[in-house]
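Here is the structure we will look at.
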Amino acid sequence: MQNTLNGKIAAVTGASSGIGRAIVERYVAEGARVVAFARRAAELDALAAAHPGQVVPVAGDVTRGDDLQRLVEATVQAFGGVDIVVPNAGIARVVSFADSTPEAFATQFSVNLFGAVDTVRRFLPHIRPGGSVQFVTTFLTQVGFPGLAVYSASKAALKSVAQTLAAELAPRGIRVNSIAPGPIGTPLWGTVGLPEDVLAAVAGQISARLLPGAFGTPEDIAGTSAFLASDAARNIYGQEIVVDGGYTVG
């Protein structure tokens with residue numbers, strides 16, 4: 001533990017499992033205190049119990065404005081402000097183009113784009129100078145993958161928002177960047193809507209293209225997030241850092 005985030009306050013959504021939980025745990029290891037937000041209260045409580053005094057759990061849904069406002073108020077009440085905001089909550093569904101109705105777009109955009117942006121918007125008055133905002137996009141903003149047009153579009157829009165916000169918030173001393181995970185072994189992978197045998201076959205094809213030969217881990221993304229949140233990244237603005245095991249190399 002290097003304490004690169006010592007004394008910093010972070011808010012992380014989608015914190016009960018996968019990448020979000022790994023980010024919370026890495027931040028705590030680096031000396032930060034974290035307000036962890038997700039829908040599953042029991043998992044958040046377990047996370048807080050594992051890190052007494054370091055993690056404040058707040059249960060809620062990023063698509064509900066009242067829940068996000070509770071998150072902001074709980075953070076400000078506990079710590080007076082925030083230094084790092086990571087609106088990590090997201091969903092992925094395989095949807096054919098023929099089935100990509102406005103309703104299908106709304107389902108994924110409501111979490112991946114609108115929920116993420118609204119999280120940052122509500123926190124904005126309370127982000128201290130020197131703060132870091134990190135959106136979580138996807139390597140699929142750079143490559144095409146059948147059935148994921150809706151998901152990829154939601155993340156591509158988020159990438160664009162991050163780049164614009166980087167320029168808009170820089171005068172306030174707030175750095176905005178994105179992390180684009182590649183194939184990562186998380187519970188999200190099992191929720192995309194494919195049968196298990198198809199999912200296994202796709203995973204095998206993807207792994208064959210990865211330079212390490214296997215999916216990455218949530219801790220890989222957490223390490224990148226901790227770096228971007230630290231003072232070592234003080235001159236990085238508006239970038240999308242791709243952590244994909246070399247998938248997009250070609």
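Taken together, the values in this text are just the output of simple stated rules run on the coordinates, not laboratory data. All values reported here derive from a predicted model rather than from experimental measurement. Here the Cβ is made from the backbone with ideal geometry for all residues, glycine too, and neighbour counts use every protein chain on show.
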What number comes out for the charge environment of Lys8, summing +1 per Lys or Arg and -1 per Asp or Glu over other residues with Cβ under 14 Å away?
+2
Roughly what % antiparallel, to the nearest 5, for the DSSP beta bridges in the chain?
0 percent
So what is the relative contact order for region 9-249, in percent, with contacts set as C-alpha pairs under 8 Å and at least six apart?
21 percent
Value of [θ]222 nm, deg cm²/dmol, for the chain, DSSP H segments ≥ 4, -39500 (n - 2.57) each, nearest 500:
-12500 deg cm²/dmol
If I model a spin label at Ser160 and Val243 as a point 7 Å from the Cα along the Cα→Cβ vector, what separation in nanometres do I get?
2.6 nm
Grab the Cα-Cα distance for Arg172 and Arg64, subtract it from 0.36 nm times how many residues apart they are, and report the gain in nm with one decimal.
36.1 nm
Distance between modelled label sites at Ala214 and Phe145, nm, 7 Å Cα→Cβ extension
1.9 nm
Electrostatic dipole magnitude of region 9-249 [Cβ: Lys, Arg +1; Asp, Glu -1; Cα centre; debye, to 20]:
480 debye
Between Phe105 and Asp45, the FRET efficiency computed from the C-beta separation at R0 = 51 Å comes out, to the nearest 0.05, as 0.90
Protection-proxy order for peptides 201-212, 216-227, each taking the mean of Cβ atoms within 10 Å per residue, highest first:
216-227, 201-212
Can you give me the Cα centroid spacing of region 1-47 and region 83-148 in angstrom?
19 Å
Give me the net charge for the shell around Val120: Cβ to Cβ below 13 angstrom, other residues only, Lys and Arg +1, Asp and Glu -1.
+2
Would you work out which of Leu165, Ala22, Ala149 lies farthest towards the positive end of the dipole of the chain? Charges go on Cβ: Lys and Arg +1, Asp and Glu -1.
Leu165
The helix 65-79 Cα axis meets the longest alpha-carbon principal axis of the chain at an angle in degrees, between 0 and 90 and rounded to 10, of 40 degrees
Once the Cα atoms of helix 218-229 and of the chain are each reduced to a long axis, what angle between those two axes, in degrees from 0 to 90 to the nearest 10, is obtained?
40 degrees
What do you get for the angle between helix 196-209 and the principal long axis of the chain? Use alpha-carbon atoms, 0 to 90 degrees, nearest ten.
80 degrees
Net charge near Leu140, counting Lys/Arg +1 and Asp/Glu -1 over other residues with Cβ under 15 Å of its Cβ?
+2
Students often check this: by mean Cβ neighbours within 10 Å, which of 15-26, 99-110 ranks highest, and how do the rest follow?
15-26, 99-110
